[in-house]
Structures are given as structure tokens and as C-alpha cells.
Amino acid sequence: MKRVAFVSGWLLLLAAGFTLATILGPRAEQWGERRAGGVLQALLGDGRRIFANHFFVQADVYFHSGYYPSVFDRSSAPADTRHLTAAEDHDHVHGHGTTEADDHDHGRGAEEEHEKAMAFLGRPRDWIERFGRHFMITEHTHLQQGKEREMLPWLKLSAELDPQRIETYTVAAYWLRSRLGKVREAEAFLRDGLRHNPTSYELLFELGRLYKENYQDTARALKLWEAALRRWREQESGKQEPNTTVLEQIVIHLARGEESLGHWGPAIEYLELARNVSPNPAVLQAQIEELKRRLEGK
Amino acid sequence: MSSVLALSGVVVKELYRRKDFYVLFVLTALITLLMGSVNFFNDPKIVRYLKDICLLLIWVSSLVIAIGTTARQIPAERENRTIFPLLAKPVTRAQVIAGKFLGCWAACGLALLMFYGFFAVISATREAHFPWMQYLQAVGLHWAVLGVVVALTLLGSVLFTAPSSNATICFIVVTGLLLLGRHLNQVALQQSEPLRSLVYGIYFAVPHLEWFDLRDFVIYGHSAVPWIDWLLAWLYAGVYTVALLFAAWLIFRRKPLNQ
Amino acid sequence: MDPILETKDLRVEYRAGAGRKEAVRRLNLRVGAGEVFGFLGPNGAGKTTTMNVLLGFLPPTGGAAYLFGVDVRQPIARQRIGYLPELTYYYKFLTAEELLRFYAKIFGIPRRVADERIDALLKLVELEHARKRPIKGYSKGMQQRVGLAQALINDPDLLILDEPTSGLDPLGRMKVREIIQRLKNEGKTVFFSSHELGEVETICDRVGIIHQGQLQVEGRVADLLQEHHANLEQIFLKIIGYQPETMAGVP
């Protein structure tokens, strides 16, 4: 009798063990997958996006050396973070589609707009505020002379927490390759972004710029921009309000690339595409005419 | 004065014989060193994030030390009945308040020296320069504000019996003042009367602890605060500290102590 | 001769719920220099409240209390007294030596004098071997002896002891009794409360028995014993209204 009870006890234990294993097995696998996506991701869940956003803003705070509006000053705060790269990047964004004078004016205008937005402090309202300003940063400056590197940890952390945030990769890559001479690191970071966002046309475009501007590899850049254009068409063309700003940049860069290789025909086609979405089509039309003349001359 | 110094000496001894101070220091050092070991794009010159994290941890630790140490002083004296042999000596209650304040404040000062020493070493290993003036100003104002925090907590400890509730309330109040104090006038403007006057009243009445936080100056390498403003801030902190201690004494002097 | 300890019509009232409770009613006490005075009474009689007033922990509701002719509300009144509370709790993170040094500083005793006195007191209470050990590791008896040492740090003229032998083992009690006896021989004034009536009978010159806030009996121990033809315990029980059959014959 005792032996039967002993054997059946063992059998029951075994059955319970197998049942538990079948329940826990898939869960353990899921956990493993989540771990592969990052410990922080697994720990914080969707709340990580809030932290990612905070760290991205922190990078902007660093860019302004601590002079930054609080939530109470938000009404006059910068609405977006394009100024993180835009102030120094007019040549890249607008240079090909506009004249130099236009570009200069546009750059100055954006800078003035940014300055205006950052004048959030206003006149002190009382003696407490007036005296308190001695103990806070009241000067609007931007990082320069290699100090831009100080933003990078926050951008890296932001990307770790929210790998789907494209802007983090593009902003970090911009500073890495254009100011800090870290082209390899910029490329690796962009490729990391692409791994998480394989359909991102912004990342492909940025990677193309890196190949063109830093490696001078126009052929590779053109391939990446073409891929970016394809992705854009797949994702944006069906939309009511597609992102034409990026499209303009992609096609202008494509046009410039083709032009540099002496491929006037494709260059004209890309410029025509850009003209359709550009806020300044006359300038592009003039360039198209010029290219057509060259093509006929050939 | 010798009674006050003797009392403060016991408080300081208590701090360095308890484990919580060391736990906080080790935790701060560990997190800072851990963050310092992270490789961000193969750039060893990146330093500000490390200074930022280290200073944040120092501020949090200092508030925990100041509030935690002070909140338990008088309730522990009563709970452990050490107050009775103490007050049976020629010691006034004002001296007890003063001694406890001085001890807690001195203990905070010692803790700050240790924490900022660590901070200075960490930033010096990464940065080529050592802005001692900014560090001195930052430590000085940090210590001054801890005086206000210690006095506030001491007042709380004669009002509330349980040290835990006093510590929680003080921590919330101090954090609130640090984060929101500067913006209360803006908040007031968005309110309708009589709430506007009330918020304005609070804005003018509360100590503006945010002035004493010079972390941004240290992190971003801005030039030092004018010394006259620094001294005025000390005076401002001194006025609040004395006022809070006076209030604590007013309550404590009439408090019956039953065995 | 001026009394060392004196209360005049001392009254202490407490808030009890909606009303008030009188803990001490018009108490008049006088303890002269060199006397050992036993302050007796059942629990809740008002002994500790009286001591609380004498030590400045509680303000009197009425009347007055004086130590060395100084109102007890003045801290200076406590300059020449030593106090041992019933339950001794001291800063447990300090060693006995550090604790005594701390109290010596409070009295403003010069360091050299304090050093000598600490050595002597630790020898007196037989804690020399444990002087460098934190108090948290002490037994109850050792803590009581540290308490006694701290009460003597200023070489007081008046010692106020609240149940000094309570909770001690027989050996501990004997040691405390010996110390009190020694202090008595040195001419110190001792005012102490105790439930150990045999011990009170042995040590005290005079006793006062308080019941329900009022002083019921006061006088020299020998006179009381003679007057009541009973021992102190029997007198005490009679005063508090306890009448067991065995005491029926006690006048």
C-alpha cells in the first residue's frame, strides 16, 4: 500500500512538473525575446517612451548649456527640437534647392525665430524673481568647439529606451559626423537605428548623406537615397498630408548626386519631383532649365 | 555654549556611527562610477552627464541625510527617554534645539564635504581644469540651504510625534519648494481671486530654496555667481533658519514631557 | 537651615478627556542638606509627576518648587543635582566614557577634572572594563550603573533617584544600595522614590508617603515606626487603604 502511494505521489509530482514546464516554457521564451530588446525595455514597458522623451529634451537642455524653459515657460518655448541641428545645417537642408541669398535669409530668419522663442524669461516680475536670476542660467548659448559631445549620452540613452524614435538617431549622427569627426560611430548608430526601423526613409536619407559628405561615396549614397525614396513612396504617397519636407531633401540630394556624376537626365527628373513639393519652385525651375541646356549641349 | 556644542557633538557622532550615511555615499559613488564606465561613442571626454548624475545623487542624498537625521532627533530623545537625564541637567530647551540644529547641520556639512570631494575627484579625472570657485560656491550654498531644511525638519519634529511622517512631509515640502518655488508667481497669475492672492502670499512667504542649487553652473561651466549675491543668499537662508528655529523653540519650550 | 529641596502648595493638573485631573494636590515637602528622603506611594500616586516638576519637565499648575532656593523653572536650579530616571536609556551608540564626557561638557566641567571624575565614577560603578564598549551592548544592570555614574558626574549635592533598583537582580540592587549608602556617608542629599520598602527603611532618614496626589505621612523613619508600631510596609499599606485580614490588628 505504501509503495503504491509512493509511486503515485511521484507520478503526480512528475505530471505537475511537466504541466508547469509547458506553461512556463513559452513565457520564458517571451521573456528571453524581451530581454533581447533591452533590459530597460523589459523593465519599463511603454513608460520608457516618457523617459526617452525626457532624455531627448535633456540633450536639448545641454545644447543650450542649461538655459532652457521649464514646463511653466512652455508657452514661449521652442515647439520642436529641429534647432538642435537646423541652426548649423541650412546648407544641407536648403542649400541645393535655394539660392545662397535665400538660404542666408532663411537661416537668419530661423535663428531669429529661435532666439525669440528662447527669450522665455521676460522681465522679472518681483524682487524674488530678480534676485533669483543671479542663481540660474540666463544666457542663451549653444554648445560649440567639440562640446557638442556632451549631448550624446542623453541621445544614446533616449535611443536605448525608445529605439523607434528616428529623430534621436539623426540628431546624434549629425553631431557625430559633422562636428566630432566620429563618422564610424555615426554610421554604426544610424545602422543601429535602421535595425530597429528598417523602413525608415529618414534614416536611409541620413545614412546617404554620411556616405556622400563624409566618405565621398556618391554611388553608395545614391543607392541609399533611392531606397529612401522608395520607402517614402511606400509609406507617404497614400497619405492626405505626406511629409514633403523630407521628400524634397531626398530628391534634391538625389539630383545633386546624379548631377555630380554627369547624369543630367535623372537629375532633371529628381529636380522636377522636388519642384512639385518645394515652397520655392522658381529656383528649382531655373536649375532644371540649366540642366536641360547642359543635356542639349552634350 | 558648551552644552550646545556637546549636544551637537553627539549628533555628529550618531551620524558617522550609523550605516545610512555610508550606504548613501556608497550608492552615490557606485552609480556614478557605473555611469562613468559606460562608453558613449568611444568619446572619453564626455563629462557633463556624469557631473549631472553625480550632483543629482548628492542633492538627493544630502536631503535624505538632513531630513532623516533631523527628523528623528527629538522624537528619538523622547522615545528613548534620553531627554529626561538631559533636561535634568542645566540645559534649556532652547539649547537643546540649538544643539540639535548645530549637530545636524554640521553633520550635513561633513557629509557634503565627503560627497563633493568625490565629485571633484571624478570630474577632475575627466576634465583638465578644476573650477574650485564654482565648487566652493556650490558647496557653500548647498550647505546654507541644508540649514533651512534642518531647521524646518526640527520644527516638524516638535509638531509631529512620528519621525516618519515628519520626514515624509518635510521631503515633499522641500522637493516642492525646490521644483516649484520659482514658478509660484506664474501660477498665481493664472488663478482668479482669492486664490491668486493666496498663491502670491505663499510665493513671498516660503524660502526660495532653488536659489541655492548651483548645479547648472557647475555642470555647464558657467562663471561663478557674484560673491555679494552669494553672501546675500546666505543671509536669506540665515533669516529663514533662525525664524524656523525660533518657531520650533516656541512650541518645544511649553511642551510637557511626561515620563 | 535652608532646605535643599522644597515644594510649596505644589499643584499639578492634567487634561483628562474633557475634564482635568489633579495629579498633585497642595504638596509641601522640605528636604534638608545631608538627608536621605524616601518618597513613597503606590503607582499613580503622583511621585513621578512631582519629580517631573522638580526636574523642570513639567510646569506646575500652582504653587512652587525650589532646589537650593532657586525656582525649578530656572535651569540653573539643576546645576547641583544628579538625576537617575527609573528606566535608564542613554545614547546607545556612545560608550560609557563618551556618555560621561558628554554630560561633563554640559556641566562645563574642565576636561582634566572630567577625566579624573570619569575614571573615579567608572571605578565606583564597576564599569572600568566596559568603558570603551558601546552602551547598546550593556546588560540592564550595567545600564543602571552607567545611569548612576552620569547622575554623579557633576559631584551633585542633591541626588534625585527614581526607583533606582527597579528591575535589577539582587546583586545589582545591593550594589546600588551600597552606592547610595556611600553617598549618604559623604553627606550628599538623596531624594528617591522606591517600591522596595525594606530598602527604604534601611537607607532613609525620613520618608513621605503620597497617595492620590496628597502627602499622607511625612517624618523620620524611626519616629514613624515607633508611632505606628508597625514596619514601613504595614504603614504604607494602611495609608493607601489596603486592609488584609493579617493586618487587622495593626493600629
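Side notes on the structure shown:
- Within region C:3-52, tally of residues that are of a type in the set (G, A, S), crowded, with 17+ Cβ neighbours inside 10 Å and under 20 Å from C:E201 (Cα atoms): 3
- The lone exception for B:A237 - which of (1) in contact with a Gly (Cβ under 9 Å, 6 or more places away or on another chain); (2) touching a residue at least 60 places away in the same chain (Cβ under 8 Å); (3) under 27 Å from B:R78 (Cβ atoms); (4) of a type in the set (G, A, S) it fails: (3)
- Residue ID - surrounded by the most Cβ atoms within 10 Å (Cβ to Cβ), chosen from residues in region B:81-100 that are more than 7 Å from chain C (Cβ to nearest Cβ) and touching a Phe, Trp or Tyr at 6+ places or on another chain (Cβ under 6 Å): B:I97
- When A:Q285 is tested against (1) within 24 Å of A:A219 (Cβ to Cβ); (2) more than 27 Å from the chain's Cα centre (by Cα); (3) surrounded by fewer than 20 Cβ atoms within 10 Å (Cβ to Cβ); (4) at pLDDT 80 or above, just one condition goes unmet, and that condition is (1).
- Number of positions in region C:26-80 that are within 14 Å of chain B (Cβ to nearest Cβ) and either of a type in the set (D, E, K, R) or at positive phi (or both): 9
- Candidates B:L177, B:L141, B:L136, filtered to the one that is surrounded by 20 or more Cβ atoms within 10 Å (Cβ to Cβ), more than 12 Å from every other protein chain (Cβ to nearest Cβ) and under 30 Å from B:R48 (Cα atoms): B:L177
- Residue among B:A144, B:A167, B:A151, B:A138 that alone is closer than 17 Å to B:L56 by Cβ, among the small types (G, A, S) and modelled with pLDDT of 90 or more: B:A138
- Residues within region B:213-229 that are at the interface with chain A (Cβ under 8 Å from one of its Cβ atoms), closer than 22 Å to A:M151 by Cβ and outside any loop (DSSP other than H, G, I, E, B), tallied: 3
- Options B:R72, B:R17; residue that is among the basic types (K, R) and either crowded, with 22+ Cβ neighbours inside 10 Å or closer than 19 Å to B:L154 by Cα (or both): B:R72
- In the condition set (1) assigned to a helix (DSSP H, G or I); (2) more than 22 Å from C:N154 (Cα to Cα), C:P59 is compliant with all but (1).
- Being under 16 Å from the mean Cα position of the chain (by Cα), hydroxyl-bearing (S, T, Y) and at the interface with chain B (Cβ under 8 Å from one of its Cβ atoms) is a property that holds for C:Y83.
- Yes/no for B:L257 being buried (at least 22 other Cβ atoms within 10 Å of the Cβ), under 30 Å from B:E79 (Cβ atoms) and either out of contact with any Lys or Arg (no Cβ under 9 Å at 6 or more places or on another chain) or of a type in the set (A, V, I, L, M, F, W, C) (or both): no
- Flag for C:G147 being at pLDDT 85 or above and in contact with a strand residue (DSSP E or B) (Cβ under 9 Å, 6 or more places away or on another chain): yes
- Just one residue in the set C:R30, C:R78 is in contact (Cβ under 8 Å) with a residue 24 or more places away in the chain and in contact with a Pro (Cβ under 9 Å, 6 or more places away or on another chain); that residue is C:R30.
- The set of residues in region A:175-188 that are in contact with a Ser or Thr (Cβ under 9 Å, 6 or more places away or on another chain) and within 13 Å of chain B (Cβ to nearest Cβ) comprises A:W175, A:A186.
- Region B:45-69, residues that are charged (D, E, K, R) and either buried (at least 21 other Cβ atoms within 10 Å of the Cβ) or modelled with pLDDT of 85 or more (or both): B:R48, B:K51, B:D52
The values are calculated or read from the model by the stated rules, or taken from the named source; none is laboratory data. Since the structure is predicted, the reported quantities are computational estimates derived from the model, not experimental observations. Every residue, glycine among them, receives a Cβ derived from its backbone with ideal geometry; neighbour counts consider all protein chains shown.
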